[in-house]
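Read-outs: derived from the displayed coordinates by stated rules, not from any lab. From a predicted model like this one, the values you see are computed outputs, not experimental measurements. Reconstructed Cβ throughout: ideal geometry from the backbone, glycine too, with neighbour counts over all protein chains shown.
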Amino acid sequence: QVQLVESGGGLVQAGGSLRLACVAAGRAFSWYTMGWFRQAPGKEREFVAAISWSGGSTDYPDSVKGRFTISRDNAKNTVYLQMAGLKPEDTAVYYCTAGRREQPRRTIYDYDYWGQGTEVTVSS
């Protein structure tokens, strides 16, 4: 079992930045590919970023590429999502997730554990 706790969400103006963090407890953090997804009201949960267990591979959809950066610190059991150039359409609940995969994946079915989410609101 892996327990994930996100933090860092909040209200920010368009163009601003936020850094989300997710701390993992339980089984060896470094075994897991880590990801971030988001879900806006009335919409499906969508992929935002993922990073391999070593940190050597990352993946982003076009909607956030160049604005968001995922990173991890295996010594601290923590994964981060640095978000810059935020837009109102980035408003959503952001979820941290972990999966036993060698490489980053984009679908919710590739991940085994989920946090409770942290809310990000971007005002125009």
Handout entry: Within the range 59-73, considering residues that are touching a residue at least 12 places away in the same chain (Cβ under 8 Å) and within 15 Å of CYS96 (Cα to Cα), the one surrounded by the fewest Cβ atoms within 10 Å (Cβ to Cβ)
Key = SER71
Exercise for the section: Please determine, by comparing only the residues of the range 85-124 that are among the hydrophobic types (A, V, I, L, M, F, W, C) and touching a Gly at 6+ places or on another chain (Cβ under 8 Å), which one is surrounded by the fewest Cβ atoms within 10 Å (Cβ to Cβ). Expected result: VAL93
Practice task
Look at GLY55 and say whether it is closer than 20 Å to GLN1 by Cα and surrounded by 13 or more Cβ atoms within 10 Å (Cβ to Cβ).
Solution key: no
Practice task
Return the total of residues in the range 14-71 being within 13 Å of the chain's Cα centre (by Cα), in a strand (DSSP E or B), within 15 Å of TYR113 (Cβ to Cβ) and not β-branched (Val, Ile, Thr).
Solution key: 7
